[in-house]
Amino acid sequence: MIDITQYGYKETEFPTSAHNAGISGRIVEQRREQYTVITELGEISALLKGAYLHDAVVRADLPCVGDFVQLLYNDSGPSLITELLPRRTKFSRFDVSGHGYAHIKANREQIVAANFDYIFILSSLNQDFNVNRILRYLTQARQSGGIPVVVLTKADLVDDPEVLADEVRRASPGVSVHAVSNYSGYGMDALDEYLKPEKTMIFLGMSGVGKSSLLNFLMKQDVMAVKTIREDDAKGRHTTTHRQLFMLPSGAMVIDTPGMRELGLYGSDEGLSTEFSDVEDLFASCRFSDCKHQAEPGCAVLAALEHGDLTQTRWDNYHKLKREALYAENKVAAMRERSTKHKEIAQWARNWKKESEKIWR
C-alpha cells in the first residue's frame, strides 16, 4: 500500500462526498487522453469516464498533471476518472493549439499543471537570456496561486552570474532569484529551502533552458534525456514531450513540462496588478482619477519617473504586458462571439431543413 499523503493528498481539503465511492489519487502523467495516477494501490492507468466527459463544459474542466481525482478502480484494464477534486493552484496559458475533445467549448484556457506550491521559472544565462520574457512568465504565474521563483540556469557560462540575477531582481522586486549551475554546483544549495517533503513545484521555461538537466541533478539520476542547444542562436530542442510529476529523493515533487515556444497570457489582470503593484499603487496618488500619465499636472507616475522612484524600463514593461493582456482578452472574446454566431447559423440551418421537409411531405 502507498501512502498518497506523501504526494500532497490531504483528505481534509476535499468534500466528504468525494470519498463515497472509488479511490483517490494524483495524476502523475498525461499523454493525450490517457492518464497515469498514483493511488494507494500504486500507479494505475486511467481514462475519463464518459459521463465526466459529457458534463465537461470547457477544456479547463478536464484533469491535468498534478490534479487529485476520484476513480473507479479496474484491475483488468484502465480505471475510470469520475471526479476532479478541487484545485489549490493552477497555471494557465492561452491555448493556441485548438486541440481537445470536439464537444467541449474552446475558451482557449489551457491548464498546464495544478496543485503546486512553487513555480520555478527557468531561464538560461546564455545568449538567449531575456528579462522581459521572464516578466511575462512572472505575470502569468501571479495568477496561479503558487509562489514564483526565478531560477537562472547555466551560471557557469558567465563570469558573474549575480550581475544578471540582480538585473532580474530590479525588474521584479520581491521575487526570489537564484543563479545556479548543475554542472559546477554553483548556487544549488539555495534550492534546498523549496525541496521539502509533500511540496510540489512546476518547472516552466522555453526549450533549452536546462529543465531536464536540473531535474536529473535533483533526482540524482538521469530520468530525462538531455539534448544540446543550437550554437548559432542558443535555441533549445524539445526534450520533454509531455507533462509528468516526479518524486525527488527529498520527498518534494517536480512537475516537468515541455518547453514553451510561446507563453500566451490568459486572464492575467490580477497577475499583472500583483507583479506591478508598485506601479499601480501610484495611480491612486494622481491628482485626477482619469489621469493618462502622459502630461497631466499632479501625475504621481510622472513624478516617480522624474525622481527615479520608478524606472522608465519598468514603466515600459508594465505598458507592454498590459497591451498584451488586453489583446489576449479581446482575442478570447472574439473567438467566443464567432463560436456563438456559428452555432446560431447551424441552428438556423437545422430549423430550415425541418421546415423544408414538412413542406415537401
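The values are calculated or read from the model by the stated rules, or taken from the named source; none is laboratory data. Computed from a predicted model, the values in this text were never measured in an experiment. Cβ sites come from the backbone with ideal geometry, for glycine too, and all protein chains shown count toward neighbours.
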Report summary line: Among (1) surrounded by fewer than 21 Cβ atoms within 10 Å (Cβ to Cβ); (2) modelled with pLDDT of 90 or more; (3) of a type in the set (A, V, I, L, M, F, W, C), residue 71 falls short only on (1)
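Of these, 4, 23, which one is within 24 Å of residue 250 (Cα to Cα) and either crowded, with 19+ Cβ neighbours inside 10 Å or modelled with pLDDT of 80 or more (or both)?
Only one candidate qualifies: 4.
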Query raised in the report: Considering the range 116-175 alone, what residues qualify as being of a type in the set (Val, Ile, Thr) and crowded, with 23+ Cβ neighbours inside 10 Å?
Result: 119, 121, 134, 139, 150, 151, 153
Report summary line: Note on the range 130-168: residues among the basic types (Lys, Arg) and more than 20 Å from the chain's Cα centre (by Cα) are 154
Query - Filter result for residue 193 (on the phi > 0 side of the Ramachandran plot and surrounded by fewer than 20 Cβ atoms within 10 Å (Cβ to Cβ)) - result: no
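Residue-wise test of (1) of a type outside the set (Val, Ile, Thr); (2) farther than 30 Å from residue 191 by Cα; (3) buried (at least 19 other Cβ atoms within 10 Å of the Cβ); (4) modelled with pLDDT of 75 or more.
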| site | (1), (2), (3), (4) |
| --- | --- |
| 261 | yes, no, no, no |
| 273 | yes, no, no, no |
| 281 | yes, yes, no, yes |
| 286 | yes, yes, yes, yes |
| 295 | yes, yes, no, yes |
| 305 | yes, yes, no, yes |
| 308 | yes, yes, no, yes |
Report summary line: Going through the range 209-235 in order, the residues found to be at pLDDT 70 or above and β-branched (Val, Ile, Thr) are 209
Query raised in the report: Within the bounds of the range 240-256, is there any residue that is within 16 Å of residue 113 (Cβ to Cβ), at pLDDT below 80 and under 15 Å from the mean Cα position of the chain (by Cα)?
Result: yes
Report task. Please work out which residue is nearest to residue 139 (Cα to Cα), limiting yourself to the range 169-195 and to residues that are under 20 Å from the mean Cα position of the chain (by Cα) and β-branched (Val, Ile, Thr). Result -> 175
